[in-house]
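One structure is given here, and the rest of the page talks about it.
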Amino acid sequence: MAELATIARPYAEALFKAVPAAELSSFVAQLDALAAVASDPQLHLLADNPKVADGQVFDVMVAAAKVQLSPIVANFLRTVLENGRLAALPVMNVQFLALAQAQQGVSEARVFSAYPVDAAQLADILGPLEKRFGRKLEAKVELDPELIGGVRVVVGDEVLDTSVKARLERMKATLMA
């Protein structure tokens, strides 16, 4: 994965520099759609076929993405395909989103919970975290039944784990010591 991240970084940075700040959300949506299409294994089979031209793969991706691409994103996609970097496109999307969020003073917070979290509970979780990190957090909630209860929050490279599973593991480590 580190190799894909290394490959993706210059592409994501170049696209970010080419994007007008006022149109950032539109570009995020376009790139999200393309990354979702690029994650399909059947598309990789098509792209790896030597009888299929890059232009044909481009047309298939645009049709499957079902979004109108700006000329900048269309040129970006052509460059990615011409350079054989289709596999790195989802990682480019993640890195582009991180750059966009950093510019806006927002970070992504992935909240893992054993049970569904409603809006009020999410606000109670994010309020103190936003104060701690000094920026607005955009939450993405994912269910993880193995946590038993509580939540685990990942913001960038920091993990705050208040799950029952983590508490039980800490108790086990203490008892075993």
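Couple of notes before you dig in:
- Angle in degrees between helix 119-133 and the longest Cα principal axis of the chain, rounded to the nearest 10: 90 degrees
- Under the convention that each Lys and Arg Cβ holds +1 and each Asp and Glu Cβ holds -1, the size of the dipole of region 1-63 around its Cα centre is about 100 debye.
- Helix 2-18 and the longest principal axis of the Cα set of the chain meet at an angle near 70°.
- Spread of Cα-to-Cα distances over 10 Å intervals beginning at zero, given as percent, for region 114-155: 27, 56, 17, 0
- Taking every alpha-carbon pair in region 30-177 and binning the separations at 10 Å intervals from zero gives 10, 29, 23, 22, 12, 3, 0 percent.
- Farthest toward the positive end of the dipole of the chain, out of G156, A21, L143, is the Cα of G156, where the dipole comes from beta carbon charges about the Cα centre.
- Phi-based couplings in Hz for region 140-146 (Karplus 6.51, -1.76, 1.60; Gly and Pro marked x): 10, 9, 10, 7, 9, x, 5
- Restricting the trypsin sites (Lys or Arg not before Pro) of region 1-74 to loop positions (DSSP other than H, G, I, E, B) with no more than 15 neighbouring Cβ atoms within 10 Å leaves K51, K66.
- Pairs of lysine residues in the chain - Cα separation under 24 Å, sequence separation of 8 or more or cross-chain: 4
- Folded to 0 to 90 degrees: helix 71-82 orientation relative to the chain principal axis, Cα: 90 degrees
- If R0 equals 25 Å, the separation of the Cβ atoms of A173 and A102 corresponds to a calculated FRET efficiency of about 0.10.
- With the simple spin-label model, which puts each label point 7 Å out from Cα in the Cβ direction, the K51 to E146 separation comes to 4.3 nm.
- DSSP beta bridge pairing in the chain, given as percent antiparallel to the nearest 5: 55 percent
- Per residue accessible area in Å² of the chain, where ligands, DNA and RNA are left out and the probe is 1.4 Å: 60 Å²
The values are calculated or read from the model by the stated rules, or taken from the named source; none is laboratory data. The structure presented is a predicted model; accordingly, all values stated were derived computationally and were not measured. Note that each Cβ is placed from the backbone with ideal geometry, even for glycine, and that neighbours are counted across all protein chains shown. SASA here: full protein model, heavy atoms, side chains in, ligands and nucleic acids out. Shrake-Rupley method; radii C 1.70, N 1.55, O 1.52, S 1.80 Å.
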